[in-house]
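Taking it in order: structure first as structure tokens, then the write-up.
The values are calculated or read from the model by the stated rules, or taken from the named source; none is laboratory data. No experiment lies behind these values; they were computed from the predicted model shown. Counting neighbours? That spans all protein chains shown, and the Cβs are built from the backbone with ideal geometry, glycine included. Surface areas here come from the heavy atoms of the whole protein model, side chains and all, with no ligands, DNA or RNA. Shrake-Rupley method; radii C 1.70, N 1.55, O 1.52, S 1.80 Å.
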Amino acid sequence: MSNRVVLVAQRDFLATVTSRGFLVGLLMMPLLLLFLVVLIPRFVGAHGPQTQGEVAVIDASGSALPDLRTALSPGRLAALATPDARRRTAGIRAGGPPPTLTLIERRGSADLQQEKSWLIQPPKAEPRHLALVVIHPDAVVRAAGKPEFGGYDLYVSRGLDETTEGVIHEGVRSALITSRLRASGIDQAVVTATLQVARPEAVIVAAAGEQPARRGLSRMLPFISGLLLFIGVFTAGQLLMTSTIEEKSSRVVEVLLAAVSPVELMAGKLLAQLGVGLVILTMYVGVGVLTLSQFSMLSVLDPMLVFYLIVFYLLAYLMYGGLMLAIGGAVSQIADAQSMMGPVMLLIVIPYVLTQFIGNTPNAPLSVALSFIPPMNSFAMLARLASATPPPLWQVGLSVVAGLAAAAAAVWFAAKVLKIGLLMQGKPPNLATLVRWARMA
């Protein structure tokens, strides 16, 4: 590699990564994702407000109130804040402190309308009157001739948040179940132990070792991998084409061609935007790793998948970048490139859209076939590698060979077009003209 190619690459790379548009438009998104998935949960967990107040109870059944006091006790509410309890109920907000609820007993014959008026308070009155629970007479022992138990009514104040309301519902439900079992002479501990069957986390056993199976994330990995590949290739290719058109329209390219050959200029530009794409991928992969570590799921990510992402990014970028560079060198205005961009966009959008389907059926005949057909092979093979059943190594190697052949053809085509098109002005050529230029060069 000549020094002139390195100088062109260095110039284009620094001009891109130091521009305000790149820093704001391209790097802001991963930083925003990092803020949302890492920092905000910590702030919410550390500074969540605690709800405190009184809950009035009219227990017409005559036997549920003691169990309700136990269900809404501070120790029991702290247990509801665990992750397992939050999955089963409305529960307590993740990371937030459990509410402190004081139960106020009302007579079973109390006037309901008068008790409802108890909930109406001035805005900053203390203690807060949060809710009124009315337990039906047949909520613990069924009425004669009725197959079902009664329930309860809940009246809440205007300022009660949804999380605390969910805690009250869960506490009343638990208390009524306990009271019904006791009234029927059934040992609740036996019933709870009988109904509770813990679902263990599946463990994937492979030649490389064992790792927990995160099915939800595993199903998303092919799509995420395809998205990262799409972002890196499309962004770098778009910048490559745009910078070439701008230099050509401003006549800067004529000055550059006085010092370097068209092939050297092409090589330098390809290397520069290749580096830009790697910077973008590094940002997004770094955010992904921090997110997984935040939720203790880092073991799901196979380091080899990051390696394959870089490999297939290089292959896809050289192919799409060569086509973008050919378009940029053939036209003099951004608007003139739109008509030629359509076919190239289809070549990158279609395989990206198919990544999720390929990842769900990685060994289907169509998925296997697309792994060896450029320009879809990079997206298809990466999706298969990110799936639960990755392909054998010989298929990966064959896909890499196919990608190298397609990349070489695209770079050769771009070099031929640039030899003629860089210094031409006027009416933009069509695709047939570009093919004719490649033959002439």
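Only a single item in (1) surrounded by fewer than 19 Cβ atoms within 10 Å (Cβ to Cβ); (2) touching a helix residue (DSSP H, G or I) at 6+ places or on another chain (Cβ under 7 Å); (3) modelled with pLDDT under 85 is not met by Leu404, and it is number (3). The listed residues are Met345, Met376, and the only one of them that is under 25 Å from the mean Cα position of the chain (by Cα) and either surrounded by fewer than 16 Cβ atoms within 10 Å (Cβ to Cβ) or charged (D, E, K, R) (or both) turns out to be Met345.
For (1) under 25 Å from Gly226 (Cβ atoms); (2) at pLDDT 90 or above; (3) assigned to a loop (DSSP other than H, G, I, E, B), each residue gets a yes or a no:
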{"position": "Met340", "(1), (2), (3)": "yes, no, no"}
{"position": "Gly359", "(1), (2), (3)": "yes, no, no"}
{"position": "Ala369", "(1), (2), (3)": "yes, yes, no"}
{"position": "Gly397", "(1), (2), (3)": "yes, yes, no"}
{"position": "Ala415", "(1), (2), (3)": "no, no, no"}
{"position": "Pro429", "(1), (2), (3)": "no, no, yes"}
{"position": "Leu434", "(1), (2), (3)": "no, no, no"}
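Could you please find all residues in segment 106-120 being polar (S, T, N, Q) and part of a loop (DSSP other than H, G, I, E, B)? Hit for segment 106-120 is Ser109, nothing else.
Take the residues of segment 121-137 that are part of a loop (DSSP other than H, G, I, E, B) and in contact (Cβ under 8 Å) with a residue 40 or more places away in the chain: which is nearest to Thr163 (Cα to Cα)? Here the residue is Arg128. Restricting segment 155-177 to residues that are part of a loop (DSSP other than H, G, I, E, B) and either among the charged types (D, E, K, R) or within 33 Å of the chain's Cα centre (by Cα) (or both), the residue that is surrounded by the fewest Cβ atoms within 10 Å (Cβ to Cβ) is Arg158. If you go through segment 133-150 and keep only what is touching a Phe, Trp or Tyr at 6+ places or on another chain (Cβ under 7 Å) and either open to solvent by 80 Å² or more (accessible area, probe 1.4 Å) or of a type in the set (A, V, I, L, M) (or both), you end up with Val133, Val134, Ile135, Ala139, Arg142.
Looking at Gly216, Gly237, just one residue is modelled with pLDDT of 85 or more and out of contact with any strand residue (DSSP E or B) (no Cβ under 8 Å at 6 or more places or on another chain), and that residue is Gly237. Annotation note: of Val306, Val300, the sole residue that is open to solvent by less than 60 Å² (accessible area, probe 1.4 Å), among the β-branched types (Val, Ile, Thr) and modelled with pLDDT of 85 or more is Val306.
Check whether at least one residue in segment 186-209 is at pLDDT 85 or above, under 30 Å from Val55 (Cα atoms) and open to solvent by 40 Å² or more (accessible area, probe 1.4 Å), and report yes or no. The answer is yes; a qualifying residue exists.
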